[in-house]
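Let me begin by presenting the structure, written as structure tokens, before commenting on it.
Every read-out reported here was derived from the displayed coordinates using simple, explicitly stated rules and does not represent laboratory data. Please read all numbers here as calculations on a predicted model, not as lab measurements. Glycine gets a Cβ as well: all are built from the backbone with ideal geometry, and neighbour counts include every protein chain shown.
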Amino acid sequence: MEQEKEKEAKKWNFQGNEELNASAVSVRGVFNMLIANLNAEDQRPLLRLCRADPTDSSCFRTTHVASDAITSAVQSFRFNCYPPTVSLLEARRAVAEHLSSDLPFQLSPDDVYVTVGCTQAINIIISVLARPGANILLPRPGYPQYEARAACSGLEVRHFDLLPERGWEIDIDALEALADENTVAMVIINPSNPCGNVFTYQHLKRVAETARKLGIFVVADEVYAHITFGSNPFVPMGAFASLVPVITLGSLGKRWIVPGWRIGWIVTCDPNGIFQKTGIVTNIKNYLDITTDLPTFMQAAIPQILRNTKDEFFAHNLDIMRESADLFFVRCKEIPCLICPHKPESTMTVMVQINFSQIEGIIDDVDFCVKLTKEESVIILPGVTVGLKNWLRISFAVEPLALEDALSRIKAFSLRHMPKCP
Ligand SMILES: *Cc1c(COP(=O)(O)O)cnc(C)c1O
């Protein structure tokens, strides 16, 4: 059969793109693989702690300010046209204003490009940078979209480690050693998915100084901007843009609990005008000319959403996340086979290490997650998906009661697989 298939395929000039298959590691792909292992006999509800999508829990719900903004944009009949290449001026102005309130300088609407989620923002930046021979520095653990897109675009990736014993700070010496004259940029994700930490001002300053020394710019993925509930406040990378040019990526999805709306942005933070001189801005515009855009009425809703959302909305969500993070950290300590090196203080995810001395019959992180799905109907993400084998990424942005249920099932799983005493 296989031979037949191969013979038939050879008759044609087109074959599948092997590069794409090799790079197709994604949260969605792994989720689909895990869910296929579900035990249909289990009457308990399926608990999904594998995605950073808070809409799974009814306690997280967006604000009427946002839904009203969309409705009135549609009902005005003014936004049924194609949007301009660089997106609606009013939307760009609102994003510039929104981000400038945290920066030591004013962004201009010309610094902003509205995108289809932060995902498209990542795709655009990686594609723009992928000239032959170039390489980019990515964090490990990280967000797999960067690796997947780099593989599709033929951009070489080099990984620098985030150090659990240092609260997931960047190993800056190792980062410096990785770079060469073909390195174009480094990516930081702050607040960090998957680690759940927040970089300090001092650490970000060191990152900026290092990037400056290397002659590269910083891509700052700040989709979780302001989703912090520990002691470190959120500091935007753009605060250091006078030292090193920064491209900030963001979206409404996580903070406004509307990941499905796909509203995102690319922002150049560059008071010294270096991006203009190096041609990156022209590249971005040219790319936008040939790609799809966020629907016009969605763009039109952005100003109202950004300007009118009440602080209480954010405060309420942060209260739930803080409660969930606290609960997670306490309960996790009671699970023998898990080690959580750093209490989550931001985002919606946390990394925990599997302690193999406390568990038997489990080969690795993927095996752990497959068996957990089968036995407990709890889905968590194998660490290998985000670059760290034998770790697990757990999303704690779920209703505290559901989180409690999930953690007691993981504990039962852990105890059931404890090594037998000799
Ligand atoms: C969710 C997420 C994205 C993607 O954002 P969307 O706006 O949903 O496309 C990008 N980066 C990180 C780190 C994320 O967690």
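By the rule of a C-alpha distance below 17 Å, with chain neighbours fewer than 8 residues away ignored, the aspartates and glutamates paired with residue 11 are 2. For the pair residue 78 and residue 32, the difference between a 0.36 nm per residue extended length and the Cα-Cα distance amounts to 12.6 nm. Taking a straight Cα-Cα cut-off under 12 Å and skipping sequence neighbours fewer than 8 places away in the same chain, the aspartates and glutamates within cross-link reach of residue 213 are 176, 180, 181.
Between residue 159 and 138, the built amide H atoms are under 5 Å apart, and every one of these is 5 or more places off in sequence or on another chain.
Here is what passes the span test in the chain: the DSSP H helices with alpha carbon length of 18 Å or more along the helix axis and a Kyte-Doolittle mean of -0.5 or above are 117-129, 296-308, 311-332, 400-416. Relative contact order for segment 186-336: 17 percent, from Cα pairs under 8 Å spaced at least 6 residues apart, divided by residue count. Here the contact order of segment 64-308, divided by its residue count and restricted to Cα pairs under 8 Å and six or more residues apart, works out to 28 percent. The packing ranking, built from the mean of other Cβ atoms within 10 Å per residue, places the peptides 268-274, 384-390 in the order 384-390, 268-274, highest first. The 3J(HN,Hα) values that the Karplus relation (6.51, -1.76, 1.60; θ = phi - 60°) gives for segment 43-48 are, in residue order, 7, 6, x, 6, 10, 9 Hz. Gly and Pro appear as x.
Highest-first packing order for the peptide set 154-167, 190-203 is 190-203, 154-167, based on the mean count of other beta carbon atoms within 10 Å. Using the average count of surrounding beta-carbon atoms within 10 Å as a protection proxy, the listed peptides 410-417, 353-360, 371-378, 259-266 rank, highest first, as 259-266, 371-378, 410-417, 353-360. If both residues of a DSSP beta bridge must be in the chain, then about 55% of such bridges are antiparallel. Taking amide H positions as modeled 1.01 Å from N, with prolines and chain starts lacking one, the residues under 5 Å from residue 338 and 5 or more places away or on another chain are 355. A straight Cα-to-Cα reach below 30 Å connects residue 310 with the lysines 254, 343, residues fewer than 8 places away in its own chain not being considered. What FRET efficiency do you get for residue 44 and residue 174 if R0 is 56 Å and r is their Cβ-Cβ distance, rounded to the nearest 0.05? The pair residue 44/residue 174 has a calculated efficiency of 0.80.
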